[in-house]
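*Asks:* This is the structure I want to talk about, given as structure tokens.
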Amino acid sequence: MYTSLIFSLLLLVLSAMAWFAPVLSAQAQSLEFTPADMLGWEQKSFAGNTDYQLVLDPQLQQPVVRAQSRGAASGLFYEQRIDLDATPWLSWRWRVERFPAVTDERVKAGDDFAVRVYVVVRDGWTRLSSKAISYVWAQQAGVGQRWPNPFAGDKAMMLALRNQEDGGGWVTEKRNLKADLRRLFGKEFRYIDAVAIMTDADNGKGTAIGYYADLVFTRE
């Protein structure tokens with residue numbers, strides 16, 4: 001499969017999954033995924049298989065997802081229509097052991113990341129109308145920098161939450177998804193339709209290693 005199609009196919013897969021997804025009740029207070037839960041999400045391969053394993057992290061003293069990509073790109077996907085009026089906040093923990101060997105993450109040849117977290121929304125009545133935010137731990141991009149994905153354009157916006165200057169140790173992120181979607185796409189979204197994690201190094205043909213811990217949707 002041509003690597004230039006990977007992100008477009010990612011959107012297609014996620015939007016297809018989300019099309020008939022159930023809705024998380026507006027009365028729900030939280031939705032939590034442990035590393036074991038995340039490892040059980042469906043893996044979709046786009047250019048070989050990233051190796052996802054459950055390992056014990058010596059610092060956190062708990063199981064985490066270890067992801068190692070050797071020139072590959074595959075992600076773990078969960079489909080659920082989640083009501084952001086009920087749980088607009090998404091938090092997770094991640095760290096980087098090895099950044100992929102790329103020099104410019106904003107071009108197709110450099111679109112590799114040790115850790116990514118996606119949220120996807122359906123913005124219309126077709127499967128190709130989906131939009132996505134890809135939260136990334138970048139290398140060169142400045143913290144807070146955003147840019148259209150080089151494969152999918154402004155349908156998939158990249159947002160750098162960390163970069164190489166932050167080192168690679170465990171960090172907790174917390175994002176208001178409603179606010180981020182409004183800021184990046186200029187409109188209000190009540191629901192997201194899917195969430196995913198992915199570690200990839202297919203474009204640069206190198207190696208990337210990252211880790212993910214608990215991922216939680218909350219009211220505040």
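The values are calculated or read from the model by the stated rules, or taken from the named source; none is laboratory data. Quick caveat, the model's predicted, so the values are computed rather than measured. With ideal geometry, Cβ positions are generated from the backbone for all residues, glycine too; neighbour counts draw on all protein chains shown.
*Asks:* Does Q29 qualify as being surrounded by fewer than 18 Cβ atoms within 10 Å (Cβ to Cβ), farther than 23 Å from M157 by Cβ and either at pLDDT below 95 or among the aromatic types (F, W, Y) (or both)?
*Replies:* Considered against the rule, which asks whether it is surrounded by fewer than 18 Cβ atoms within 10 Å (Cβ to Cβ), farther than 23 Å from M157 by Cβ and either at pLDDT below 95 or among the aromatic types (F, W, Y) (or both), Q29 comes out as yes.
*Asks:* May I pose another question? Restricting attention to segment 78-87, and to residues there that are within 30 Å of Q61 (Cβ to Cβ) and either more than 14 Å from the chain's Cα centre (by Cα) or at pLDDT below 95 (or both), which single residue is surrounded by the fewest Cβ atoms within 10 Å (Cβ to Cβ)?
*Replies:* Top of the filtered list is Q80.
*Asks:* Being among the basic types (K, R) and touching a strand residue (DSSP E or B) at 6+ places or on another chain (Cβ under 6 Å) is the filter here; which residues of segment 167-186 pass it?
*Replies:* K174, R175 - these are the residues of segment 167-186 that are among the basic types (K, R) and touching a strand residue (DSSP E or B) at 6+ places or on another chain (Cβ under 6 Å).
*Asks:* OK, next. Can you report the number of residues in segment 94-113 which are surrounded by fewer than 19 Cβ atoms within 10 Å (Cβ to Cβ) and either acidic (D, E) or within 15 Å of the chain's Cα centre (by Cα) (or both)?
*Replies:* Qualifying residue count for the region: 2.
*Asks:* Out of the residues in segment 34-65 that are farther than 25 Å from A109 by Cβ and crowded, with 21+ Cβ neighbours inside 10 Å, which is nearest to the chain's Cα centre (by Cα)?
*Replies:* For segment 34-65, the residue satisfying everything is M38.
*Asks:* Within segment 188-211, how many residues turn out to be among the basic types (K, R) and under 16 Å from Y135 (Cβ atoms)?
*Replies:* Count: 0.
*Asks:* Please go through segment 175-193 and pick out each residue that is aromatic (F, W, Y) and more than 18 Å from V136 (Cα to Cα).
*Replies:* Those that are aromatic (F, W, Y) and more than 18 Å from V136 (Cα to Cα): F189, Y191.
*Asks:* For segment 114-140, how many residues meet the condition of being among the small types (G, A, S) and at pLDDT 95 or above?
*Replies:* 4
*Asks:* Take the residues of segment 158-199 that are more than 24 Å from A67 (Cα to Cα) and of a type in the set (D, E): which is surrounded by the fewest Cβ atoms within 10 Å (Cβ to Cβ)?
*Replies:* My answer is E188.
*Asks:* Is it fair to say R175 is within 17 Å of W89 (Cα to Cα) and part of a strand (DSSP E or B)?
*Replies:* yes
*Asks:* Please verify whether L184 is modelled with pLDDT under 95, part of a helix (DSSP H, G or I) and either out of contact with any Gly (no Cβ under 8 Å at 6 or more places or on another chain) or farther than 22 Å from L76 by Cα (or both), treating the condition exactly as stated.
*Replies:* no
To keep it simple, each residue is scored yes or no on (1) closer than 13 Å to V117 by Cβ; (2) among the small types (G, A, S); (3) more than 16 Å from the chain's Cα centre (by Cα); (4) modelled with pLDDT of 95 or more.
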residue: F151; (1), (2), (3), (4): no, no, no, no
residue: G168; (1), (2), (3), (4): no, yes, yes, no
residue: V171; (1), (2), (3), (4): yes, no, no, yes
residue: D180; (1), (2), (3), (4): yes, no, no, yes
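This table checks each residue for (1) under 21 Å from E188 (Cβ atoms); (2) out of contact with any Asp or Glu (no Cβ under 9 Å at 6 or more places or on another chain); (3) outside any loop (DSSP other than H, G, I, E, B).
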{"site": "V136", "(1), (2), (3)": "no, no, yes"}
{"site": "A141", "(1), (2), (3)": "no, no, no"}
{"site": "G144", "(1), (2), (3)": "no, yes, no"}
{"site": "P148", "(1), (2), (3)": "yes, no, yes"}
{"site": "G168", "(1), (2), (3)": "no, no, no"}
